[in-house]
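Heads up: the structure comes next, in structure tokens.
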Amino acid sequence: MNLSERQYRIIEIIRMNGSITGEKIAKILGVTRSALRTDFSFLIKSEIIKSKTKVGYSLNPQKPKKIDSSSLKNLNVTEFIGEALVLSEKATIHDGIVEIFTRDSGTIYITNGDLLSGVVSRKDLLKAAIGGMDLTSLPISLIMSRMPNIHFCTTDATLFEAAEIIVKKEIDSLPVVEYSNELKGYKIVGKISKTDLSRVLFETLL
């Protein structure tokens, strides 16, 4: 079942509140009640939530389903990857700050040409900002973690293998790469994040 980002947020809000009116959900999300009409309708038809007059919305009780762990282990990671935030080594630290907050991302992947060369986190950018560095002129490559100190998985990895790296290394996301024989390095295909893994688990339980 494919749910939108907003529908996941609606479900989480209802889960945290037990039952809640549509007006309160809209206020939390910063939109109008009418803007959520389609989302509510879809979630009700999908039997994920239910609506009751004067009470509002609540999760629809469902019988727990057994997760087929063997099936999850065999799923290829490329079926679930999202778009990675990528910047060139020549970009400035300021460029990185603007992009990471504009795109609401947790990690920037840095490239040299077409190849992955580094990773920058929000924490790296924060350290640079409070450290008095010249953010508008210094290259972002100055603060990045470099190869070979970058955790990644290749396109032939399973979802389980990617999840194992994320959990064991305690990172928010993992670049998914493929090796280029021509360029002698790894090209970024996308990323897999904790949010992506949570969605897979959630949809398996539905």
Residues in the stretch 4-22 that are assigned to a helix (DSSP H, G or I), surrounded by 15 or more Cβ atoms within 10 Å (Cβ to Cβ) and hydrophobic (A, V, I, L, M, F, W, C) total 4
Exactly one of ILE150, ILE93, ILE130 is β-branched (Val, Ile, Thr) and within 19 Å of the chain's Cα centre (by Cα), and that one is ILE150
Q. Would it be correct to say that ALA162 is in contact with a strand residue (DSSP E or B) (Cβ under 8 Å, 6 or more places away or on another chain), among the aliphatic types (A, V, I, L, M), in contact (Cβ under 8 Å) with a residue 12 or more places away in the chain and in a helix (DSSP H, G or I)?
A. yes
(Q) Can you confirm whether ILE188 is surrounded by 15 or more Cβ atoms within 10 Å (Cβ to Cβ) and either over 26 Å from LEU3 (Cα atoms) or touching a residue at least 40 places away in the same chain (Cβ under 8 Å) (or both)? (A) yes
Picked from the stretch 163-206 (must be among the charged types (D, E, K, R) and in contact with a Phe, Trp or Tyr (Cβ under 9 Å, 6 or more places away or on another chain)), the residue farthest from PHE152 (Cα to Cα) is ARG199
Is it the case, given these coordinates, that THR38 is over 30 Å from ILE171 (Cα atoms) and assigned to a loop (DSSP other than H, G, I, E, B)?
no
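Taken together, the values in this text are just the output of simple stated rules run on the coordinates, not laboratory data. Quantities reported herein were computed from a predicted structural model and do not represent experimental measurements. Don't worry about glycine lacking a Cβ; one is built from the backbone with ideal geometry, like all the others, and counts go over all protein chains shown.
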